[in-house]
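Only one structure is covered here, and it is reproduced in the block below.
The values are calculated or read from the model by the stated rules, or taken from the named source; none is laboratory data. Here the structure is a predicted model, which is why all the values come from computation and not from measurement. Quick reminder, even Gly has a Cβ in these numbers, built from the backbone with ideal geometry, and neighbours come from all protein chains shown.
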């Protein structure tokens, strides 16, 4: 009875739908009708799920707190001294697979070159031989396998030799060190925890020594460490500082603050000013040490064709700048940071949605080095448009007729035998 009664009501229901023009007498219609109902339910379920995910992403706090930043305009045209060439391809790669991320260099009078790598190690290079000096942090097997181990293993960035033949090293996570290059003995001069003016260091980066022994250095951010450098760049904050340290007295002081990811620094030949890169906004500043403008800064170069890293003085008295990522006009899309710069909400959403490792896909393999005059006028440029020799250049160090090209992560050391 129950089964028959149900079929009777279903027949009446179909008749009513037919009178409304919503069904036909086709024997397969009731099956199609059920499929339409199921498809509708599925669409609703998908929409609800999508909405739940969107709400969830919106409610998840963003790791960054960006402010809008608008670049002055499109980057300069590649003409004149910026004209595209292939001169940067005329080199060779040394120590492939043995050196990963030789960031910065210094050299002694005996022809030895010194550099640090992503695994926290310091190295000596003599001609084409490589010798381990010391580990900046703990020497564990995981060093170099992931940036997550860098706070433990250390990450040497700026490296210089002082007047007594000792290495001065700015380790991004650990602080300023003096290292004996003969036996690797380390002495901590200034720790990141100590910092300056009550603010710990988070990202020690650039380093320079004056002839009287003063150590100038940059802390790229008081918020983000080196392993979160992509968040630092996307956030485009101004939490960096230029500082000085007097080894004799232990005095540390802030020379400039509120800087946009201050990076490489170089003293002028007369040591009357410091030239400094603000990487995240493609800008170069000058900070005066002597003369009537001492203690003040001015902008030498902005709206650059790329994001500058280290700055080094050449034998010609010019400044050599490694470009870590290019920023060119006329590409399919505007430069990435130009595109998202004015929109903090977009930056917040992206850092919640996109893993940091995927941002590397946005970085073109294009090598670029600039030669600048004392007022940051572009004198010359070397290009590697296809990344044949190298790209993401962090340092350009001239020594013994060669030019050593640093990087933050590449597993080799590119060398040019001559400039032109």
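Data overview
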{"quantity": "The listed residue being in contact with a strand residue (DSSP E or B) (Cβ under 6 Å, 6 or more places away or on another chain) and either assigned to a loop (DSSP other than H, G, I, E, B) or surrounded by fewer than 19 Cβ atoms within 10 Å (Cβ to Cβ) (or both), out of 242, 320, 256", "calculated": "256"}
{"quantity": "Lone unmet requirement of (1) closer than 23 Å to residue 409 by Cβ; (2) in a loop (DSSP other than H, G, I, E, B); (3) in contact with a strand residue (DSSP E or B) (Cβ under 9 Å, 6 or more places away or on another chain) for residue 233", "calculated": "(2)"}
{"quantity": "Selection from the range 140-162 of residues that are assigned to a loop (DSSP other than H, G, I, E, B) and either on the phi > 0 side of the Ramachandran plot or touching a strand residue (DSSP E or B) at 6+ places or on another chain (Cβ under 8 Å) (or both)", "calculated": "143, 144, 154, 155, 162"}
{"quantity": "Number of positions in the range 295-317 that are part of a loop (DSSP other than H, G, I, E, B) and surrounded by fewer than 14 Cβ atoms within 10 Å (Cβ to Cβ)", "calculated": "5"}
{"quantity": "Residues of the range 352-373 that turn out to be in a loop (DSSP other than H, G, I, E, B) and either under 18 Å from residue 84 (Cβ atoms) or at pLDDT 95 or above (or both), as a count", "calculated": "4"}
{"quantity": "Selected residue [at pLDDT below 90 and within 22 Å of the chain's Cα centre (by Cα)] from 101, 97, 73", "calculated": "73"}
{"quantity": "Out of 262, 292, sole residue that is over 19 Å from residue 381 (Cβ atoms), modelled with pLDDT of 95 or more and surrounded by fewer than 21 Cβ atoms within 10 Å (Cβ to Cβ)", "calculated": "292"}
{"quantity": "Those residues of the range 374-390 which are assigned to a loop (DSSP other than H, G, I, E, B) and either farther than 11 Å from residue 321 by Cα or out of contact with any strand residue (DSSP E or B) (no Cβ under 8 Å at 6 or more places or on another chain) (or both), in sequence order", "calculated": "374, 375, 377, 385, 386, 387, 388, 389, 390"}
{"quantity": "Candidate set from the range 140-166 (those that are touching a helix residue (DSSP H, G or I) at 6+ places or on another chain (Cβ under 6 Å) and either over 19 Å from residue 193 (Cβ atoms) or not assigned by TED's automatic domain parsing to the domain that holds residue 203 (or both)); member that is surrounded by the most Cβ atoms within 10 Å (Cβ to Cβ)", "calculated": "143"}
{"quantity": "Any hit, the range 250-273, residues being more than 19 Å from residue 300 (Cα to Cα) and touching a helix residue (DSSP H, G or I) at 6+ places or on another chain (Cβ under 9 Å)", "calculated": "no"}
{"quantity": "Single residue of the range 120-139 satisfying the filter (in a loop (DSSP other than H, G, I, E, B) and out of contact with any helix residue (DSSP H, G or I) (no Cβ under 6 Å at 6 or more places or on another chain)) that is surrounded by the most Cβ atoms within 10 Å (Cβ to Cβ)", "calculated": "136"}
{"quantity": "Residue selected from the range 352-384 under the condition under 18 Å from residue 280 (Cα atoms) and touching a helix residue (DSSP H, G or I) at 6+ places or on another chain (Cβ under 6 Å), by the criterion surrounded by the most Cβ atoms within 10 Å (Cβ to Cβ)", "calculated": "367"}
{"quantity": "Residue, surrounded by the most Cβ atoms within 10 Å (Cβ to Cβ), within the range 274-289, restricted to residues that are more than 24 Å from residue 403 (Cβ to Cβ) and in contact with a helix residue (DSSP H, G or I) (Cβ under 9 Å, 6 or more places away or on another chain)", "calculated": "280"}
{"quantity": "Set 113, 88: member being modelled with pLDDT of 95 or more, touching a strand residue (DSSP E or B) at 6+ places or on another chain (Cβ under 9 Å) and outside any helix (DSSP H, G or I)", "calculated": "113"}
{"quantity": "Looking only at the range 202-215, and only at residues there that are crowded, with 23+ Cβ neighbours inside 10 Å and without any contact (Cβ under 8 Å) to a residue 60 or more places away in the chain, the one that is farthest from residue 283 (Cα to Cα)", "calculated": "215"}
